[in-house]
Structure formats: structure tokens, C-alpha cells
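Just below is one structure, and these are the notes that go with it.
The numbers here are math on the coordinates, done by the rules we state, and not lab data. The shown structure was predicted, so the numbers you read here are calculated from the model rather than taken from an experiment. Ideal geometry is used to build each Cβ from the backbone, glycine not excepted, and the neighbour counts take in all protein chains shown.
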Amino acid sequence: GWSVVFHAGYYLNQDPSKVYEKIKSEIKDIVRVLQDKGIDVWIRPELTGKPTQFGSLKELIRISQEVEGVLPAIDFAHCHARNKGRYNSTEEWREMLSLIEKELGREALDNMHIHISGINYSEKGEKNHLNLQESDMKWEDLLRVLKEFRVKGVIISESPNIEGDALLMKKKYEEIKV
């Protein structure tokens, strides 16, 4: 395999900085065990859909800087839900990708693990994933920004209609000229 993607944890009313340190310690242990066994995979904590969960973009960038073998899994729908409808515009996605490149280097954009779907959310964040065309996610604009930044790696559809939305994204991506 190439990547192991996971939701790293919840804050559970604890100090987020203490939760960060605990998760970082556990991820370091995971990386050490994998290295000892000769298993070469990227460890990718996922950008999560609720503010009560560990996994903001800034936390993921920081842990990727501090632990070798770690890069973020960027779930754009989760980011949109976590931020109550924000992060759904060309400007905001450019800001995200620019921050990733600035803090983690071009390598991070050349080796991305991305999840895209529609999403249903409330003030508390993610409720459930939706098909792209049944959501407010401006996914076509997102694909344009990914192409503009020459992002490489993997895009996974997390829509209820996984295959249908994957093919929809593939077709649209191939049509985009930048």
C-alpha cells in the first residue's frame, strides 16, 4: 500500500494542545513500528468534518512537519463542513493549497491523498456525505484549482454513489483547461 488514512481522534472536552501531543506520540509509535517491520507507507491523519475532532488543516500541517513519514489526507468536504460552509470557493482552496505548499513543500502537492464528495452539515459540522450534484459543494471549481496547482496523487470519491461521482469528476477534470 501507499497510504494509511484515518481519523486520529476526538478532543472529548480536553485541551486541544494536550490531545495534539497525545496523538503525535501515538503516530510516532505507529511510524516507528512500521519502520521496524520494513513497511514503507505514508501515515495520513485525515482532515475531519467536526470541530470536536482532531484534524484541522493547521493541526495536520504541524504534525506533518514534526513527524517524518506523515502527510495530511485532505478531505475537502470535511473542511467545508467543519467550517460551517466556508472553504467552498476558488480563493479558499487556493489559500489551502498555498499553505500546504508553503509549510510542507512542493512534495506535499505532488503526493496528495484527497477525498471529495458532497456533504450535509450543520452548526456542529459534518452530518453525512452526499452525492456531488445533491450538495452545495462547488466541486467543479475545486477540480479546476487542483489542476491549476498541478496537484498529483489520489482523489477518492466518498459520495454515496462512489463510482458515479468518481466518473463524473474524472470526466470534468479531463475537460478542464488551465
If you put +1 on each Lys and Arg Cβ and -1 on each Asp and Glu Cβ, how big is the dipole of the chain around its Cα centre, in Debye rounded to 20?
140
Volume per residue (Å³) of the convex hull spanned by the alpha carbons of the stretch 3-175 is 113
Comparing Leu130, Leu109, Leu168, which has the greatest mean-square fluctuation in the GNM of the chain with Cα pairs linked when under 10 Å apart?
Leu168
Quickly rank 154-161, 74-81, 98-105, 111-118 as a protection proxy: mean count of other C-beta atoms within 10 Å, highest first.
74-81, 111-118, 154-161, 98-105
Value of relative contact order over the stretch 3-175, rounded to a whole percent, pairs C-alpha under 8 Å and six or more apart:
18
Ascending count of other beta-carbon atoms within 10 Å, so fewest first, for Trp2, Trp93, Trp42
Trp2, Trp42, Trp93
Which residues qualify? For Gly153, with a placed amide H closer than 5 Å and at least 5 residues away or on another chain, they are Met112
Likely footprinting exposure, Ile61, Ile119, Ile30, fewest C-beta neighbours within 10 Å first
Ile30, Ile61, Ile119
Just to verify a number: FRET efficiency for Lys152 and Asn13, C-beta to C-beta distance, R0 = 41 Å, to 0.05?
0.55
Amide proton proximity set for Ala73, modelled H, under 5 Å, gap of 5+
Glu46, Leu47
Taking Cα atoms, how many degrees apart are the long axis of helix 90-104 and the longest axis of the chain, rounded to 10 and kept between 0 and 90?
30
